[in-house]
Amino acid sequence: MKRLIFKVLTITTIIIAPMMLSAQDNSSALRQDQSSETLRLTLDQALEIALSESNTVKIADMTVEKSGYAEKGSYSALYPNISANGSYQRTLKKQVMVMDMGGQAMEIKVGRDNSINATATASMPIVNAQLWESLKLSGMDVELAVEQARSSKIALVKQVKQAFYAVLLAQKSHEVVANVYENAQKNYEKTLQRFNVGKASEVEHLRAQVTMMNAEPNVSSAENAVMLATWQLKAVMGIDLDTDIEVVGDLNDYTAQMLTPYISEEDLSNNSSLLQLSIQGRMLESTIRMQKKQYLPTLAASINYNYSAMGDEELRWFPSSTAAVSLSIPIFDGFQKHYSIKQSKINKNMLDLQREDTERNLRIGIRNYNDQMALCIKNYQAAEATVEIAQKSYDISEKMYEVGKATLVELNDAQLALQQAQLTQAQAVYNFMVTKASLDELIGKEE
């Protein structure tokens, strides 16, 4: 019995401890009003709510939107840049010039009391290869933001699935512990009846009582484990912790998935990390092309229109305008562009090596997940056969105990074997589904 209790508490600790750490990071997402009704949740419903309510997804969507605005803003460089300015000047004291007129000095005041100037200027690039390449780079920024948002959603789906499975395992553990307590109560009542008629010793009566009393606190611990796992699920989903939810389902509902082949270890076409590295690689290639195009001449056009007036009492207006085309030819910049290109090429080579290492590690991860899932299948199949045998053994021991042909110790041992087999079976399903969720994230599966 002590071994069973230890196993249950160990499972509870494994489920809850790591999750409470991440729950603190997700607590800021809990902003919904408390609901007076219990919300019944299937896995699909939990995923739907999480993808609509989680702040992680909202931030990812806002990042994509922000990148889209940045791309649109970059196209402004192709349009004419029009500006206007005006100025007014009042002369407080005019400048005096002294001139020699026939040997006599003459003072002449220069300027006007009022001066007004208005200017409008329009300019735009005509030929600028570097600018055009930078527009392509802005488009890739949006593509990268979209892929990063997809990665956030895939990670959220994994977290919700694993939290959901943790609740199911906690509920299964609670069910097992509750059955142990219920059987301990029944055995105690039977032992008490036999003790009262002199068919059971006082030691046997006390043993049954102690077994029942030891089982009762474990029920409370299992209930707390279910509550903590449920809190974690609500935190990951992005709903208020005070919202009443009821997780619908059972780990046995997922046993069919354990008996079918899953995926080839070579399928990494949708892995978000590799896709992001590919986009970053194309961005570096575009950066190198943009830097090389800095050697090319640029051509720009501009138009200027000026309207000015000067005078003391009466103003006289004088319009003027110019149109210009400017050609800029880079000749020498102290090798600045040359070394910038060298740096970008090294960055590209480093990224290629990083992508190669990432892909290698991902393939190792897929093989590891596949091996773990295969082990879970073997454990489940072994536990399934054990449960059937242990159930028969317990039924026989229970009947033998009722007629006095088996001791309470033998009955408790049979019950312990049965509950351990049930826990092992549930743990195998849980481990399989958690590993499968991690594998789904690794290959980039969005559902």
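Within segment 307-352, restricting attention to residues that are part of a helix (DSSP H, G or I) and open to solvent by less than 50 Å² (accessible area, probe 1.4 Å), the residue that is farthest from Pro80 (Cα to Cα) is Leu351. Given the criteria free of Cβ contacts under 8 Å to residues at least 60 places away in the same chain, of a type in the set (A, V, I, L, M) and more than 30 Å from Ser138 (Cβ to Cβ), does Met213 qualify? Against the criterion (free of Cβ contacts under 8 Å to residues at least 60 places away in the same chain, of a type in the set (A, V, I, L, M) and more than 30 Å from Ser138 (Cβ to Cβ)), Met213 qualifies. Restrict the check to segment 267-278 and report whether at least one residue is open to solvent by 80 Å² or more (accessible area, probe 1.4 Å), of a type in the set (Asp, Glu) and at pLDDT below 90. No, that holds for no residue.
To keep it simple, each residue is scored yes or no on (1) modelled with pLDDT under 90; (2) more than 30 Å from Leu277 (Cα to Cα); (3) open to solvent by less than 50 Å² (accessible area, probe 1.4 Å); (4) assigned to a helix (DSSP H, G or I).
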{"residue": "Glu356", "(1), (2), (3), (4)": "no, no, no, yes"}
{"residue": "Cys376", "(1), (2), (3), (4)": "no, yes, yes, yes"}
{"residue": "Ala383", "(1), (2), (3), (4)": "yes, yes, yes, yes"}
{"residue": "Thr386", "(1), (2), (3), (4)": "yes, yes, no, yes"}
{"residue": "Glu398", "(1), (2), (3), (4)": "yes, yes, yes, yes"}
{"residue": "Glu410", "(1), (2), (3), (4)": "yes, yes, no, yes"}
{"residue": "Asp413", "(1), (2), (3), (4)": "yes, yes, no, yes"}
{"residue": "Gln419", "(1), (2), (3), (4)": "yes, yes, yes, yes"}
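Does segment 191-237 hold any residues that are more than 18 Å from Asn179 (Cα to Cα), at pLDDT 85 or above and either touching a Leu at 6+ places or on another chain (Cβ under 7 Å) or aromatic (Phe, Trp, Tyr) (or both), and which are they? Correct list: Trp231, Lys234, Ala235. Any residue that is within 60 Å of the chain's Cα centre (by Cα), open to solvent by 80 Å² or more (accessible area, probe 1.4 Å) and not polar (S, T, N, Q) - is there at least one of those in segment 128-141? Yes - at least one qualifying residue is present in segment 128-141. The residue that is farthest from Gln159 (Cα to Cα), among those in segment 191-210 that are without any contact (Cβ under 8 Å) to a residue 60 or more places away in the chain and β-branched (Val, Ile, Thr), is Val197. Residue-level analysis places Tyr165 among those that are surrounded by 22 or more Cβ atoms within 10 Å (Cβ to Cβ) and of a type outside the set (Asp, Glu). Test Thr191 against the criterion of being touching an Asp or Glu at 6+ places or on another chain (Cβ under 7 Å) and over 30 Å from Leu47 (Cα atoms), and give yes or no. In short, yes.
The condition (being under 28 Å from Asn306 (Cβ atoms), touching a Leu at 6+ places or on another chain (Cβ under 9 Å) and among the small types (Gly, Ala, Ser)) is satisfied by just one residue among Ala122, Ala118, Ala77, Ala84: Ala77.
Here's a check for you: in segment 185-207, which residue that is polar (S, T, N, Q) and open to solvent by 10 Å² or more (accessible area, probe 1.4 Å) is nearest to Glu53 (Cα to Cα)?
Ranking the candidates gives Gln185 first.
Counting residues in segment 246-253 that are modelled with pLDDT of 80 or more, open to solvent by 60 Å² or more (accessible area, probe 1.4 Å), closer than 30 Å to Glu53 by Cα and acidic (Asp, Glu) gives one or more. Note on segment 1-110: enclosed strands (runs of 3 or more DSSP E) holding 2 or more residues that are open to solvent by 100 Å² or more (accessible area, probe 1.4 Å), touching a strand residue (DSSP E or B) at 6+ places or on another chain (Cβ under 7 Å) and modelled with pLDDT of 90 or more are 81-90.
Just to be sure before I move on: is Val210 open to solvent by 30 Å² or more (accessible area, probe 1.4 Å), closer than 15 Å to Asn412 by Cα and of a type in the set (Val, Ile, Thr) in the structure I sent? It is true that Val210 is open to solvent by 30 Å² or more (accessible area, probe 1.4 Å), closer than 15 Å to Asn412 by Cα and of a type in the set (Val, Ile, Thr). Going by the structure shown, is Ala390 surrounded by fewer than 17 Cβ atoms within 10 Å (Cβ to Cβ) and either in a helix (DSSP H, G or I) or among the hydrophobic types (A, V, I, L, M, F, W, C) (or both)? Against the criterion (surrounded by fewer than 17 Cβ atoms within 10 Å (Cβ to Cβ) and either in a helix (DSSP H, G or I) or among the hydrophobic types (A, V, I, L, M, F, W, C) (or both)), Ala390 does not qualify.
The values are calculated or read from the model by the stated rules, or taken from the named source; none is laboratory data. Every value quoted in this text rests on a predicted model; they were computed, and no experiment measured them. Reconstructed Cβ throughout: ideal geometry from the backbone, glycine too, with neighbour counts over all protein chains shown. Please note that ligands, DNA and RNA were not included when accessible areas were found on the heavy atoms of the full protein model with its side chains. Shrake-Rupley method; radii C 1.70, N 1.55, O 1.52, S 1.80 Å.
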